[in-house]
1. Which percent, nearest 5, of DSSP beta bridges in the stretch 289-380 are antiparallel?
2. With the crude spin-label approximation of a point 7 Å out along Cα→Cβ, what separation in nm comes out for ARG519 versus HIS75?
3. Could you tell me the calculated FRET efficiency between LYS222 and ILE463, based on Cβ-Cβ distance and R0 = 35 angstrom, to the nearest 0.05?
4. Give me the distance between the Cα centres of the stretch 391-406 and the stretch 323-375, rounded to whole Å.
5. Using the alpha-carbon centroid of each, what span in Å lies between the stretch 431-495 and the stretch 206-277?
6. Within the P(r) computed for the stretch 118-270, what percentage of the Cα pairs occupies the region above 20 Å?
7. Just to confirm my numbers, what's the Cα centroid distance between the stretch 1-63 and the stretch 529-567 in Å?
8. Treating cross-link reach as a plain straight distance, find the lysines whose alpha-carbon is under 23 Å from the alpha-carbon of LYS530, omitting any fewer than eight places away in the same chain.
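Rule-based calculations on the coordinates, nothing more; no lab input. The shown structure was predicted, so the numbers you read here are calculated from the model rather than taken from an experiment. Here Cβ is always computed from backbone atoms with ideal geometry, including for glycine, and neighbour counts include all displayed protein chains.
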Amino acid sequence: MGLAGPLSHWLPESDGAALRDITLGALLAEQAGRFPERPALLFDGPLGTVRYGYRDLDAAVDRLAKALIAIGVGHRDRVAVMAANSPEWVLLEYALARIGAVLVTVNPALRRAELDYLLAQSGAAMLFAAGEHRGFPIADMLCEMMPDFSGRNGGARAGDGAYPALRRVVSIGGPQIPGALAFTALLARAEEISDEVLATRAAAVAPADIVQIQYTSGTTGKPKGAMLTHRGIVNNALFAGRRAGYRESDVMVSAMPFFHTAGCVCNVVGMAAVGGSLVAMESFDAGPMLDLLERHRGTIVNAVPTMYVRLLQDEALRKGRRDLSAWRIAYVGGTSIPPSLMLELKETVGCDPAIIMGMTECSPIITQTVPDEPLKEKVATAGVPLPHVEIRIVDPATGEIVPIGREGELQIRGFLVTAGYFDMPEATAAAIDADGFLKSGDIAVMDEGGHLRIVGRIKDMLIRGGENVYPVEIEDRLLAHPDVAEAQVVGVPDAEFGEEIFAFVVPRDGRTVEPEALRNWCRQHMARHKMPRHVAVIEATPKTANGKVRKVELRELAKTMIAEGRA
């Protein structure tokens, strides 16, 4: 249907694609039947390379699913997975979905207080965890948190003390967690369960069931567990891939974390939906990623803007010694996606950008660019809604839909919207209205073609001298500077203007940024009322466990730097 007259209201279209009523486990089985020998997953990690074809992956998932049943994972049980990208992570994603359990994704960078909250709030029945992550001893932390399972046979817990719902801990990879059940020992228990028992469990899983709980970043308040359905993530991956032009022959190379929807939905399910191959990395490193792109003739990369900046800084690429001729799609999302970066990528490599706007609560993609639109127009927006998705932009004060071109809050309705926040009915009611619209908290503008542009967050808006200023607009402009890799803007109190603009910038590798020179550059490239009065150059921005910038910390740092005369 598209736009509803002169108002910022996009009515859902099908684009010729029907919603599929299918579970994630059934999707994998379907593709294993269609493409049994085709490569499905190649994992490049510190211990070498692991490969699965679709038939082999499906069989491995069946084996793990039986083992999970054998250790007592029940229908709708919540199972937490705390590990970096690995083949076992993907097997767990599919196996838990196949038997109707719920995957609770956990960033392995979480520390004790954060993990304590998540395990207690989710009521997880099982925890799969790596023994360490980037040198941090997760095993030691877990032993301190749960001394009752240390030394027990098979990672079983008594079910008392802390986390009474948590019945077992399973260790993924090394080092082994003392007292936990080893992953290899878990797999051996698959022999206890028959094919018939597994088939019965799989048949009981419905597309409307919850498949994952993804915790929001918690930049303000406690994290909330967004409940995503099989129908939501499978169709989201299908429609996004269809919009981008994914093919059966595609090879995606990516380091996006599986604990986030960008990894476990856009990458894992996105490639499975089309029958393509995913080449996954444990973590991002520009040189090795480009090596993989060359070696496997990668056609798609999914990354955030800062990753693309690092890729473009690769010395071999700059000297023309990389063969990236197969790369055709640069998939990208994030708060600030500088058009100049996407144009530079197109000019250097030749790949076309596919820009998205999404949020965890929307499974995750809401809008995406259309491939055949002119490049300069395409890089300036986040595209139009995916099929079967309805969006509107409303006045936050009145709830009325605003005219085309006017700012307001983005709201979303459709198959992709979360079923709610786990065990948080008040938070769910506050976020999703009686008509099913999810309030995003984003300030957006829709143009006459239905293209969406995010201009800021309601909570981040600052008022300078009576003018509403959205930090993302300034951040986008700062990112156009050739020496700036990352930019974040916050408001600080000011006696004259009420609030003043404080910009933090992270230089590109090998570059330097002088605050006064950057302010002079700003005078030539932005309106006076949007110019940062204060500029600070820092090495990195503070981030949450899920990688979102903690602006609350930047605001406090800005106040301190002003008080000390450092900005």
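1. DSSP beta bridges in the stretch 289-380 are roughly 25 percent antiparallel.
2. Calculated label separation equals 6.6 nm.
3. Efficiency for this residue pair is about 0.80.
4. 27 Å
5. Each part's Cα centre sits 25 Å from the other's.
6. Cα-Cα pairs in the stretch 118-270 separated by more than 20 Å: 65 percent.
7. A separation of 40 Å, based on Cα centres.
8. Output for LYS530: LYS459, LYS551, LYS559.
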